[in-house]
Amino acid sequence: MIIIKFGGTSVQNEEAIGRVISIVSGKLKEKPLVVVSALAKVTRLLCMLAEEAEAQHEDGVKDLLRQLRERHFNLAKNLLAERPKLLENCLQDVERLISDLETFVGGVCMIGELSPRSEARIISTGELLSSTIIAYAFNANDITCHWIDARRMITTDDHYLYARPDLEVTEANIKRIVGLESRGADLILTQGFVASTDKGVTSVLGFEGSDYSAAIFGMALDAERVEIWTDVDGIRTADPRVISHTGKIDVVSYEEAAEMAAMGARVLHPLTIEPARKKNIPIKVLNSTNPECEGTMVVRGDQAPDGPKSIAFRDGILFVKVTSDKLEGVTNMLGKVFATLYPRRIPVTLSGATESEVCLVIPEEVGGFKEAVEELGSWASVTVFRDKALISVVGRGIVGFEGIGDKVIEVSGKVHMAIMSANMMSESFVVDHDKLQVTLESLHEYVFKEG
Ligand code: ADP
Ligand code: ASP
Ligand code: MG
């Protein structure tokens, strides 16, 4: 069995879904379980819908629902034009999902209150809609596709918007349900991103979470591999939307891919690696607009070469220094700082400590940050530097690669923090936001000049 996951751009319209059908058709012998995201930009539209409802903007709500209907109705009509009966059934299913959403959003709009639970319910609709239409499209192409609601399989805690699965329960659910539904099917189709709590309430796995769903299905089904189909030729030496002339990475280890994701490379969701590594299942990153390209294999560390793999970055970060006027010791400093950050679940991308200072990299716009700074201010002086960016060179053996730090200082003019990750998979630098682009370009050229 293999898992094939298609992201939003890979299912965004009729042509893209045509490519999906052709890619999957060539793999039916491998018994695929196909995982799909919402159509490109639909999750964003649904987030806006939730906000407009909370703000009680009835006109905004109506307009967004109209756009949602139009996009999905048109897609179904284009895909199923030659199969009127299938089209009729598909439009009924799509309409049911959208009118249920309309009723629900009407309730939110009436009370003007949006809980994470309600928001998860609203944004889960994108994957339910896309997967419904794509299932009809497969059947219209005479491929027997069984659609399964992922909420029956992935069981999570009740952090509705960033829900974490109970992997044991989830694995048992997936094995049982996929086992039953596979009978008589050429393929199984389900949704990424969506899940439900053990009480059956809809939850989602966090933005970009469909990659994670695919890896969970792979782990549960002991898949031969997990294929992540996206809009670039595999994992590259940097984000090709930001740097020109990037190179494709042929093979990368689980640890390096996880480090890249943690340091901001969007190509794989940070949690994707863990379930795959658990069962040593290779992940292949492929391009749905260029299926001939071999893509990138993500495999066990001893099967991947050493050396720098990629440059990742995070823009819009806060660089925070917490300084005590006493020599507290590293344990005290870290203990006291995290005693404030942990209860607020403030995400820390990087940290470094000395006996009297802790430096932190934190995403901008984090809830609870202001209160945390006030609390820390009761015993330390806290300085928050804005308009900073984080640049990380990722790869096993990076420690032996000379000149990276010198290059960053030379180009950026000022490095606010430099740190090697504890597993020595990455070396990271905090620089000024306005020096990000030029530093990325020079560093990329320096590290990958041969490529
Ligand atoms: P999908 O909708 O298929 O999940 P995403 O937009 O989430 O696609 O991820 C693919 C995008 O990741 C690419 O278009 C690219 O801009 C970005 N990206 C960031 N870093 C890298 C990298 N190192 N290699 C390839 N793509 C990257
Ligand atoms: N549709 C969700 C999002 O846009 C999940 C995903 O695409 O991975 O974040
Ligand atoms: Mg993605």
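Within segment 160-264, list the trypsin sites (Lys or Arg not before Pro) lying in a DSSP loop whose Cβ has at most 16 other Cβ atoms in a 10 Å radius.
Working: sites: Lys175, Arg176, Arg183, Lys199, Arg225, Arg236, Arg241, Lys248; in loops: Arg183, Lys199, Arg225, Arg241.
When the trypsin sites (Lys or Arg not before Pro) of segment 160-264 are filtered for loop state and at most 16 Cβ neighbours within 10 Å, Arg183, Lys199, Arg241 remain.
May I ask you to compute the full-extension gain from Thr331 to Thr144, defined as 0.36 nm times their residue separation minus their alpha-carbon distance, rounded to one decimal in nm? Please list the in-between numbers first.
Working: separation 187, 0.36 × 187 = 67.32 nm, distance 5.93 nm.
Gain in length upon complete extension: 61.4 nm.
Along each principal axis, taking the top coordinate minus the bottom one, the Cα set of segment 211-370 gives 60, 38, 32 Å in descending order. Annotation for segment 353-451: trypsin sites (Lys or Arg not before Pro) lying in DSSP loop with at most 15 further Cβ atoms inside 10 Å of their Cβ are Lys414, Lys449.
With a 1.4 Å probe and every protein chain left in place, work out the accessible area per residue of segment 358-404 in Å², rounded to a whole number.
Values: 2160 Å² over 47 residues.
Value returned for segment 358-404: 46 Å² of accessible area per residue.
Fully extending the segment from Met110 to Thr323 would add 71.9 nm, taking 0.36 nm per residue of separation and subtracting the current Cα-Cα distance. Hydrodynamic radius of the chain by the Kirkwood approach over all distinct alpha-carbon pairs: 23.5 Å.
Here the accessible area is traced with a 1.4 Å probe on the protein chains. For the chain, carbon and sulfur cover 50 percent of it.
Looking at Asn290, Ala261, Ser213, which one has the Cα that reaches farthest to the positive end of the dipole of segment 171-312 (charges on Cβ: Lys, Arg +1; Asp, Glu -1)? So the residue furthest toward the plus end is Ser213. Set the Cα radius of gyration of segment 361-418 against 2.2 N^0.38 Å, with N its number of residues, and you get 1.53. Rounded to the nearest 500, the helix-only mean residue ellipticity at 222 nm of the chain stands at -12500 deg cm²/dmol, with each DSSP H run of n ≥ 4 adding -39,500 (n - 2.57). Calculated FRET efficiency, Ile409 to Phe338, Cβ-Cβ distance, R0 = 30 Å: about 0.50 to the nearest 0.05.
When restricted to Cα atoms, segment 338-451 yields an Rg and a Dmax of 15.8, 52 Å, respectively.
Taking R0 as 22 Å, what FRET efficiency do you get between Asp63 and Arg96 from their Cβ-Cβ distance, rounded to the nearest 0.05?
Step by step, r from the Cβ atoms, then E = 0.55.
When only Cα pairs below 8 angstrom with a gap of at least 6 residues are kept, segment 209-261 shows a relative contact order of 21 percent. If you sort His57, His245 by accessible surface, 1.4 Å probe, largest first, the order is His245, His57.
First measure r as the distance between the Cβ atoms of Asp306 and Arg183, then evaluate 1/(1 + (r/R0)^6) with R0 = 35 Å and state the FRET efficiency to the nearest 0.05. Before the final figure, lay out each step's value.
On the way: r = 46 Å, r/R0 = 1.32.
Computed FRET efficiency for Asp306 and Arg183: 0.15.
With the simple model of a label 7 Å out from the Cα in the direction of the Cβ, Val373 to Asp198 spans 4.0 nm. Solvent-free Debye calculation, one equal scatterer per alpha-carbon of segment 182-239: log10 I(q)/I(0) at 0.17 Å⁻¹ equals -0.76.
The dipole here belongs to segment 283-334: it is taken about the Cα centre, uses +1 on the Cβ of Lys and Arg and -1 on the Cβ of Asp and Glu, and is about 140 debye.
Annotation for Met420 and Lys29: the two label points, set 7 Å from Cα along the Cα-Cβ direction, are 4.8 nm apart. Our note on the geometry: Cα centres of segment 248-271 and segment 154-171, 23 Å apart.
Between amide H atoms placed 1.01 Å from N, distances below 5 Å from Thr230 occur with Leu286, Asn287, Ser288, all of them 5 or more places distant or on a separate chain. Using only Cα atoms, tell me the angle between helix 167-181 and the longest principal axis of the chain; keep it within 0 to 90° and round to the nearest 10. Helix 167-181 sits at roughly 20 degrees to that axis.
A straight Cα-to-Cα reach below 28 Å connects Lys321 with the lysines Lys336, Lys370, Lys388, Lys407, Lys414, Lys435, residues fewer than 8 places away in its own chain not being considered.
Normalising by the residue count of the chain, find the relative contact order in percent from Cα pairs under 8 Å and 6+ residues apart. Each step should come with its number before you reach the end.
Working: 925 pairs, mean separation 58.1, N = 451.
So the answer I get is 13 percent.
Hey, could you get me the Stokes-Einstein D for segment 7-160, Kirkwood radius over alpha-carbon pairs, 20 °C and 1.002 mPa s, rounded to whole µm² s⁻¹? Don't skip to the answer; put the middle values down first.
Working: Rh = 16.3 Å.
Translational D for this selection: 131 µm²/s.
Between Ser381 and Glu365, full extension at 0.36 nm per residue minus the direct alpha carbon distance yields a gain of 3.7 nm.
Across every pair of non-identical alpha carbons in segment 235-288, the mean reciprocal distance, once inverted, gives a Kirkwood radius of 11.8 Å.
How about segment 272-335: which GluC sites (Glu not before Pro) there are in a DSSP loop, with at most 15 other Cβ atoms within 10 Å of their Cβ?
Values: sites: Glu292, Glu294, Glu328; in loops: Glu292, Glu294, Glu328.
Those that pass, being in a loop and sparsely packed, are Glu292, Glu294.
The values are calculated or read from the model by the stated rules, or taken from the named source; none is laboratory data. Keep in mind the model is a prediction, meaning the values are calculated, not measured. As a convention, Cβ positions derive from the backbone with ideal geometry for all residues, glycine included, and neighbour counts pool all protein chains shown. For accessibility, only protein heavy atoms count, side chains too; no ligands or nucleic acids. Shrake-Rupley method; radii C 1.70, N 1.55, O 1.52, S 1.80 Å.
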